[in-house]
Each structure stands twice: as structure tokens, then as C-alpha cells.
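The values are calculated or read from the model by the stated rules, or taken from the named source; none is laboratory data. Since the structure is predicted, the reported quantities are computational estimates derived from the model, not experimental observations. Here the Cβ positions follow ideal geometry from the backbone for every residue, glycine too, while neighbour counts run over all protein chains shown. All accessible areas refer to the heavy atoms of the entire protein, side chains included, with ligands and DNA or RNA removed. Shrake-Rupley method; radii C 1.70, N 1.55, O 1.52, S 1.80 Å.
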Amino acid sequence: MLDIKLIRENPDLVRQRLASRGRGDEARVAEIAALDEQRRKLLVEGDNLKAERNKVSKEIGAAKSKGQNASGPMVAMKQVGERITALDAEIAGADAKLQDILLNIPNLPHESVAVGKDSADNPEVKRWGDKPAYGFQPKPHWEIGEKLGILDFPRATKISGSGFILYRGAGARLERGLINFLLDLHTTQHGYSEVLPPFLIKRDSMIGTGQLPKFEEDMYRLRDDELYLAPTAEVPVTNLYREEILKDDQLPMYFCAYTPCFRREAGAAGKETRGMIRVHQFDKVEMVKLCKPETSYDELEKMLANAERALQLLGLHYRVVLLCTGDMGFSSSKTYDIEVWAPGQNAYLEVSSCSNCEDFQARRANIKFKDSSGKNRFVHTLNGSGTALARLYVALLETYQQADGSVLLPEILKPYLGGMTHIKAQ
């Protein structure tokens, strides 16, 4: 949520930054400012009337104690009380309307973010490794997986419908091994504390990280309870300290968590749906940081390096792009995407987004810290995929496919796969 004080004091800056996203949200800045001004006037009137009521109430009490007639002031104060009640109702209405608007306004892009319309305008930051070369035409992952008997899309569809994955045998073990490898990497080498959160999440927590109310239609919700299936571990983990005030020396906090992720938007019209590029359920290891505002952009660079390290250890070629203003997520101020090369797709696939949300989520979730001077301030929150499957899985199958149809497995995964070095057809 944006700082209302910033909108009040520098509306032109807010309009400019929102306009760079290209979604028209800047048009609501004037409405927000007008509502804020109306609310503040109502508060001043209400406070003045309450002060007057308190003062006159004391005078009425004093008059009565002396046996004097206080009926006149009592009638006047009754009218004042009625006006205060009406004002309180107006203030509550203005608060609710202002809150509703602010919850639907995205974060402001950081000044270092390139202005652009969509992914075509994302500047490339760097590349690692080289695209693999083959003496044969590389196959897509669905052909590889089905021939090896490790992916079963027809039965996944029979069980759950399109957009779901069924892993079998060595394929299931590979998925589990990748999850454990990523968790071990971040907890033993990068300083993250592992969390295994609930996968069902209350509405307040979804609002806290920005999924609601803006993206309600993209979320899976239980029919009989106001609980949502986790769209990402970012949501439960960021909300660990919702409505709390942390101590200065507790920051920064690093967390990582595995969760399955559930997204309705997979398979939207015009999107590629074959195989496991876009699915309704996928596994992910997420990194989350809570830190002081002064260090958050240094922490973003470290988080990016942590996610990159996973791909480097797996020997996968990738590139890093900086998302432009028109391609950024709702809650982010700055986002790097890591895109891994998938030879069977002849394309780069996003496997990680590392974002600094500054205090946008912390304001929504009311996460503060008491700084060294004793002042309560909002933390900055960061999140990053460390990394996401199933696209990492896709890149592994397609990168390490062999001419005989088998798949060579990276050496780093051997301890997680019981020493298995290849996946071969049975």
C-alpha cells in the first residue's frame, strides 16, 4: 500500500511513477487526495466537537454540583453528540473508501527501473554459461518425459483436468530431489532459515502481500471457508510477522520455504498450455527477506545471486532481465527475472523473480521495527523464487537429454537421487 503522506505531499511524483506502469492508476491520485482531504476535515471537526463536549460536560457537572440549572447546555451538548455520531459514521465511510482504493493501487517503480510497456522492453542485465549444442534435434520435455515414463500428462488430466502434472518413478524422485537440493543450498550456504508454512491462507494474509483484492479471480478459494490455496510461499512467510513490531537487532531476517503453488491463471486464452510450462499447480522454493529500508537494495542483489547460484550448480545456461515498469508485478518496486534456456522450446523460461517491495507489503500487513532511535518504522520486504519448478524441471530434461533418449543428471543432484546419474527408459 502506498504511503498516504507521500500522495498528500508529492502527488505529481506518485502520478508520474504510476503512469510509467501504463495501467491508468495515476487517474485515481486526485480522487485519493480529495478523499484524504475530506477525511482530515471531518477528523478536525470531530476532534473540535469532542473537545468542546468534554469542556462543557465539566461545566455542566460543576453547575449541577452547585444546584444551578444546566438544561440549556445539556440540550446543546445533545445536539453536539448527534453531530459527533454522524461525523464518526462519515469518517468510517471515508476510511473504508480510501482503503479500498489504496488496496487496488500498485507499488511505485524504483527510479532505476526502465520505462516500458511489456516484456519486450525488459533490458537484459547479464548471461551465464552457453547454450548447449547437440548433434541431434533436441526434443521438448513432454516427449522426453513420456518416453522415459516419468511424466504422465493423460492420467494427470484424467485425475484433475488440464494444467496439472503427474510425476512417476524416477521423475517423482527428481522433483523431490530438486526441492531438497534447493532448500539445503539456501539454508546451509546462503543463511536462510527454513519454514514449512500452512498451504491454506486467510484473506488478511493474502491482502497483506497484495494478491487480494486485486487478483481475486486468479486465486483458488475454499467454498465453505474464507481460506485460499497458497499461490506462493511468499504469502504465508511474509505474513509471519504481520501486525508485529520487530526489534532493530532482529533485522535482516532471511527465510526460505517449500510450498506447492496454486494459480488459476494458467492456461489463459492465448497462452502455451502443452506440457508443464503453464500449470495450475507447481512446486517452488521461495526466499523471503525482512530488512531495514537502508539495506533493501543490497539485499535484493544478494537474493538474486542466491537464486543464480542454484542454476550455476545445476549447469544451466540462463540470463537475467530487469523488468520494465509495464511488466512488473503489482507489489514490486524493482524485479529481476532469471530466465533459463530450454533447448526443446528454443526459448528462455522464467524460473525466478526476485523483487524488492520496499514498504508496500509491510504497510498492508503492518510489519514494523523499532529502530535504534526508538522510532517505529515499516520494514522492507523482498521475495524471490529460489527457484520455481516445473520450469526448472523442464530446463533440466531438455538441457541434459541424450541422443539415445536418456537424460543425464547433474552431479550435484546425486546425493538427492540415491546416486542415480541417468534416467533411462525402463
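A few points about this structure:
- Considering segment 107-205, the qualifying helices (runs of 4 or more DSSP H), each wholly inside and each with 3 or more residues that are in contact with a strand residue (DSSP E or B) (Cβ under 8 Å, 6 or more places away or on another chain) and open to solvent by less than 70 Å² (accessible area, probe 1.4 Å), run over 141-148, 170-188.
- Residues that are in contact (Cβ under 8 Å) with a residue 60 or more places away in the chain and either of a type in the set (D, E, K, R) or surrounded by 24 or more Cβ atoms within 10 Å (Cβ to Cβ) (or both), drawn from segment 372-386: Arg377, Val379, His380, Thr381, Leu382, Asn383, Gly384, Ser385, Gly386
- Per this entry, Ala86 is not counted among residues that are closer than 15 Å to Leu35 by Cβ and of a type in the set (A, V, I, L, M, F, W, C).
- In segment 209-238, the residues that are crowded, with 23+ Cβ neighbours inside 10 Å and among the acidic types (Asp, Glu): Glu234
- Subset of segment 17-29 (residues that are of a type outside the set (Asp, Glu) and either open to solvent by 60 Å² or more (accessible area, probe 1.4 Å) or within 21 Å of the chain's Cα centre (by Cα) (or both)): Arg17, Leu18, Ser20, Arg21, Gly22, Arg23, Ala27, Arg28
- Number of the condition not met by Phe369 [criteria: (1) in contact with a Lys or Arg (Cβ under 9 Å, 6 or more places away or on another chain); (2) open to solvent by 10 Å² or more (accessible area, probe 1.4 Å); (3) outside any loop (DSSP other than H, G, I, E, B)]: (2)
- Which listed residue is in contact (Cβ under 8 Å) with a residue 24 or more places away in the chain, under 30 Å from Ser355 (Cβ atoms) and of a type outside the set (Lys, Arg), from Leu98, Leu87, Leu43: Leu98
- Candidates Phe164, Phe199, Phe153: the one that is of a type in the set (Phe, Trp, Tyr), over 23 Å from the mean Cα position of the chain (by Cα) and under 18 Å from Gln281 (Cα atoms) is Phe153.
- Taken over segment 387-397, the criterion of being open to solvent by 10 Å² or more (accessible area, probe 1.4 Å) and of a type outside the set (A, V, I, L, M, F, W, C) is satisfied by Arg391 alone.
- Tally of residues being β-branched (Val, Ile, Thr) and either over 17 Å from Asn48 (Cβ atoms) or not in a helix (DSSP H, G or I) (or both) across segment 67-94: 1
- Residue count for segment 372-419 under the criterion of being of a type in the set (Gly, Ala, Ser) and either over 29 Å from the mean Cα position of the chain (by Cα) or part of a loop (DSSP other than H, G, I, E, B) (or both): the result is 9.
- Residue satisfying all of: in segment 342-366; among the polar types (S, T, N, Q) and crowded, with 20+ Cβ neighbours inside 10 Å; nearest to Thr238 (Cα to Cα) among these: Gln361
- Filter result for Glu286 (on the phi > 0 side of the Ramachandran plot, buried (at least 19 other Cβ atoms within 10 Å of the Cβ) and in contact (Cβ under 8 Å) with a residue 40 or more places away in the chain): no
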